[in-house]
Amino acid sequence: MELQGRVIAETAERSGTSARGEWKVKGFVIETHEQFPKKMLFEVFGADRLARFNIQVGQEVLVSFDIDAHEYNGRWFNNIRAFDVRQVDPAQYGAAPVVPPATAFGGPAPTPTPAAPAAESPFPPVPTEGESTDDLPF
């Protein structure tokens, strides 16, 4: 999966030693640029990836990640781990899109369209002053 956004926070780096050797992991929070922005915390595992990605707060990034869940003491937890993080030029990809004004129902406002010629219009022509609009027989 992929998600693009701006890095707004980072967590403290954690490290330890396992049977395979030493490890490091650090978390980052990104915020999307939608009408209702979403935030996601993802982790980068491994000192080599942390150095290669060189993620900084304020950068615009495209994160490729995997989601997995694990159980601990009868409770389940999600784990979002990034396997690739690429810096994005905000100007090139329109990171902060201009959102059209919303209507009362939350959708985008309709865009005005040019009037169709009268011959192609499915509606009868609008009567001018003095003409009767009453087509009733009584």
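The values are calculated or read from the model by the stated rules, or taken from the named source; none is laboratory data. Just so you know, these numbers come straight off a predicted model, no measurement behind them. No Cβ is skipped: glycine too gets one built from the backbone with ideal geometry, and neighbour counts run over all protein chains shown. Just the protein is used for accessible areas: all its heavy atoms, side chains included, with ligands, DNA and RNA removed. Shrake-Rupley method; radii C 1.70, N 1.55, O 1.52, S 1.80 Å.
Given the conditions (1) touching a strand residue (DSSP E or B) at 6+ places or on another chain (Cβ under 7 Å); (2) assigned to a helix (DSSP H, G or I); (3) open to solvent by 70 Å² or more (accessible area, probe 1.4 Å), which single one is not true for residue 51?
(1)
Look at residue 123 and say whether it is over 28 Å from the mean Cα position of the chain (by Cα) and either open to solvent by 70 Å² or more (accessible area, probe 1.4 Å) or at pLDDT 95 or above (or both).
So residue 123 passes the test.
Being at negative phi, at pLDDT 95 or above, open to solvent by less than 90 Å² (accessible area, probe 1.4 Å) and touching a helix residue (DSSP H, G or I) at 6+ places or on another chain (Cβ under 9 Å): is that true of residue 82 here?
So residue 82 passes the test.
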